[in-house]
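Notes for the one structure printed next.
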Amino acid sequence: MQIISKPNLAEYSSIHIGGLGNFLYLPQTEEEVLSALSEQENSFILGGGTNVIFGDSFDRNIISLSKFQNTSVDISANKISVSSGVKLSRLVYEGVRAGCGGCEVLAGIPGTVGGAVVMNAGGKYGDIGEYISSVKVYSKKMCRVLMLSRSEMLFGYRSSKLQGSDDLVVLGAELCFEEKGSPEELVGIVHRIIGERMTSRIKLPNCGSVFKNPPHELSVGAMVDRLNLKGFTIGAIAVSEVHGNIFVNKSGATYSDFIVLKNYVASKICQEYGVDLELEIRVLT
């Protein structure tokens with residue numbers, strides 16, 4: 001297992017912001033994951049880093065599951081069993097090739113299966129929680145592996161029972177797709193969805209939607225657009241010109257830049273619409 005001392009955390013977040021960490025563990029097998037978890041009780045579990053931003057320092061040891069993807073994606077009939085470090089893109093690709101209807105709705109979503117399960121990742125076509133039948137987790141408190149059913153996961157909008165938990169760590173998941181489809185047709189749908197995403201693709205480093213959409217008639221992106229905040233810049237970080245709920249790192253943005261911009265946008269929306277926004281990304285300090 002590779003262990004990195006004083007890692008540059010900006011390299012492990014898709015927005016490329018963050019200072020130095022303590023130790024970073026990169027297990028590749030379930031045995032190595034369990035070993036690292038048993039030795040590092042106060043560790044932070046990191047997936048693909050597409051939904052996190054690090055502060056100028058982070059003193060907790062990090063166990064990254066980004067290398068925990070060497071196991072096969074096991075497909076039997078309409079069920080897929082997969083380890084947490086496998087990228088969603090691989091899950092989608094192998095799922096549609098096997099005719100698992102429903103898998104295509106996850107096309108174009110970045111990150112790993114584990115991170116997607118924790119935050120119930122998804123888009124306008126559906127969320128991963130809709131297809132979860134069970135989740136394999138490790139309880140650091142109980143020092144053993146558990147299986148959680150879909151109902152026990154308490155999936156909600158970009159949330160689950162595991163979000164914010166320092167105890168339960170996703171090792172894998174089983175997804176069930178009730179419909180069987182033509183692989184050719186499903187691949188075509190995947191290409192269409194990815195094509196849609198490509199038309200609004202943001203090339204600069206970012207970590208996806210900053211805020212959760214509130215129960216309001218307007219989305220965060222629409223509110224930002226109406227306030228003419230697209231392109232608004234603090235230091236080296238800016239509201240994307242393409243999507244109002246995404247911040248982009250123009251070059252060398254700092255954690256302080258992010259916090260100031262986040263607070264500014266949230267305050268403007270609160271003043272204009274009376275809405276208190278909740279973060280969708282995880283801020284780690």
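The values are calculated or read from the model by the stated rules, or taken from the named source; none is laboratory data. Everything numeric in this text was worked out from a predicted model, so none of it was measured. Cβ atoms come from the backbone with ideal geometry, glycine included; neighbour counts cover every protein chain shown. Ligands, DNA and RNA are stripped out before the accessible areas are found, and what is left, the full protein with its side chains, is counted by its heavy atoms. Shrake-Rupley method; radii C 1.70, N 1.55, O 1.52, S 1.80 Å.
Just a few scattered comments:
- Amide H to amide H, with H built 1.01 Å from N, residue 101 comes under 5 Å of 179, 180, 181, counting only residues 5 or more places away or on other chains.
- For the chain, the spherically averaged projection of the C-alpha convex hull amounts to 14.6 nm².
- Annotation: the range 163-285 has a Kirkwood hydrodynamic radius of 16.9 angstrom, from the mean reciprocal C-alpha pair distance.
- Label-point separation, residue 144 to residue 157 (7 Å along Cα→Cβ), nm: 3.8 nm
- Per residue value of the accessible surface for the range 212-285 (all protein chains in place, 1.4 Å probe), Å²: 50 Å²
- FRET E, pair residue 230, residue 165, Förster distance 22 Å, beta-carbon r, rounded to 0.05: 0.05
- Debye intensity ratio I(q)/I(0), log10, the range 113-190, q values 0.14 Å⁻¹ (C-alpha model): -0.49
- Radius ratio Rg over Rh of the range 73-214, counting only Cα atoms, Kirkwood formula for Rh: 0.97
- Phi angles of the range 222-233 translate, via the Karplus equation with coefficients 6.51, -1.76, 1.60 and θ = phi - 60°, into HN-Hα couplings of 5, 5, 4, 4, 5, 8, 6, 9, 4, x, 4, 10 Hz per residue; Gly and Pro are given as x.
- Solvent-accessible area, 1.4 Å probe, carbon plus sulfur percent, for the chain: 48 percent
- 5 Å binning of all Cα-Cα separations within the range 193-239, expressed as whole percents from 0 upward: 5, 16, 21, 28, 21, 9, 1
- Computed over the chain, the per-residue total of -39500 (n - 2.57) for DSSP H runs of n ≥ 4 gives a 222 nm mean residue ellipticity of -8000 deg cm²/dmol, rounded to 500.
- Amide H contacts under 5 Å for residue 134, placed H, 5+ residues apart: 174
- Ranking 191, 216 from most to least accessible surface, computed with a 1.4 Å probe over the protein chains only, gives 191, 216.
- Across 158, 197, 90, 144, the residue with the most accessible area heads the list, and the full order at a 1.4 Å probe is 144, 197, 90, 158.
- Model label points for residue 11 and residue 76, set 7 angstrom from Cα along the Cα-to-Cβ axis, are 4.0 nm apart.
- In a reduced charge model with +1 at each Lys and Arg Cβ and -1 at each Asp and Glu Cβ, the range 63-109 shows a dipole moment near 120 debye about its Cα centre.
- In this Cβ point-charge picture (+1 for Lys and Arg, -1 for Asp and Glu), the range 115-212 has a dipole of about 440 debye about its Cα centre.
- Segments 179-187, 33-41 sorted - mean Cβ within 10 Å per residue, highest first: 33-41, 179-187
- Gap separating the Cα centres of the range 205-237 and the range 128-163, nearest whole Å: 30 Å
- Across the range 205-212, rounded Karplus estimates of 3J(HN,Hα) from the backbone phi angles (6.51 cos²θ - 1.76 cosθ + 1.60, θ = phi - 60°) give x, 7, 10, x, 4, 7, 10, 6 Hz, Gly and Pro being marked x.
- Rh by Kirkwood over Cα pairs, then Stokes-Einstein D for the range 1-98 at 1.306 mPa s and 10 °C, µm²/s: 110 µm²/s
- Helices meeting the span-like rule in the chain (full DSSP H runs, Cα extent of at least 15 Å along the helix axis, mean Kyte-Doolittle score of -0.5 or higher): 183-199, 255-273.
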